[in-house]
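Structure first, then comments.
The values are calculated or read from the model by the stated rules, or taken from the named source; none is laboratory data. If you're wondering where the values come from, they're calculated on a predicted model, not measured in any experiment. SASA here: full protein model, heavy atoms, side chains in, ligands and nucleic acids out. Shrake-Rupley method; radii C 1.70, N 1.55, O 1.52, S 1.80 Å.
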Amino acid sequence: IHTVNEKAFKEAVEAICTTENVYVFGTGTNEPLASHLYYRLERFGLRINLISVSGKNLFEKLLLIDDKDLMIVYSFYKPSLDFKRLTAIISEKGTQMILITDSMTPPMIKNANIVLYAKRGPYGTFHSPLVPMAITHAIIIAVASRLGDRAIEYLRQLSEMRKKYYVNG
């Protein structure tokens, strides 16, 4: 937790809470991290979208994004081809990017507005998703705190809707 820059973390939470459309990108082994963040933030009433496709399918998703949006990206070790494509396109569009990573090399961070960096262990070894999941959970808790009653009200409405319309089998 001490390796994550506190100022960058606060900026990331503020960006998530004040941007109308938030996109979360994670493919391969990063997809569960992105999916979890998407799932939790959507429950607070945020307009959030998950992008977990790669290759040519990625371009279809990136057409919708503009300079008023926010992209949260999970990417570790070294930039993949999809990461390079994604960051080039959102940079051209002026989309703000939060990068959750374990690498501070220029190819990784050059297009990121906010970098949430934390070491996961020595390079070349198996890395548990524990460190990025801890960052993800910290973001979720901080966003809930920042949204306050707005998040609680949305969860209350969700619960009421489920009770009212749930039909068992």
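Key figures for this structure:
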item: C-alpha long axis of helix 149-165 to longest principal axis of the chain, angle in °; result: 60 degrees
item: Centroid-to-centroid separation of the range 73-121 and the range 1-57 [C-alpha atoms, Å]; result: 13 Å
item: Residues with amide H under 5 Å from that of residue 115, placed H, sequence gap 5 or more; result: 99
item: Extension reserve of the residue 5-residue 158 stretch, reckoned as 0.36 nm per residue once the Cα distance is removed; result: 51.7 nm
item: CD proxy at 222 nm, helix term only [per DSSP H run n ≥ 4: -39500 (n - 2.57); per residue of the chain; nearest 500]; result: -15000 deg cm²/dmol
item: Per residue solvent-accessible surface (Å²) - the chain, probe of 1.4 Å; result: 58 Å²
item: Whole-number percent relative contact order across the chain, with pairs defined as alpha carbons under 8 Å at least 6 apart; result: 26 percent
item: Within the accessible area of the chain (1.4 Å probe), percent carbon and sulfur; result: 55 percent
item: Residue pairs, from the table 68/164; 68/163; 61/110, whose Cα atoms sit over 25 Å apart; result: 68/164; 68/163
item: Under Karplus coefficients 6.51, -1.76 and 1.60, residue-wise ³J(HN,Hα) of the range 49-63 in Hz, glycine/proline x; result: 10, 9, 10, 10, 9, 9, x, 5, 5, 4, 4, 4, 5, 7, 4
item: Angle in degrees between helix 6-18 and the longest Cα principal axis of the chain, rounded to the nearest 10; result: 50 degrees
item: Nearest 10 degrees, 0 to 90: helix 130-147 Cα axis against the chain principal axis; result: 50 degrees
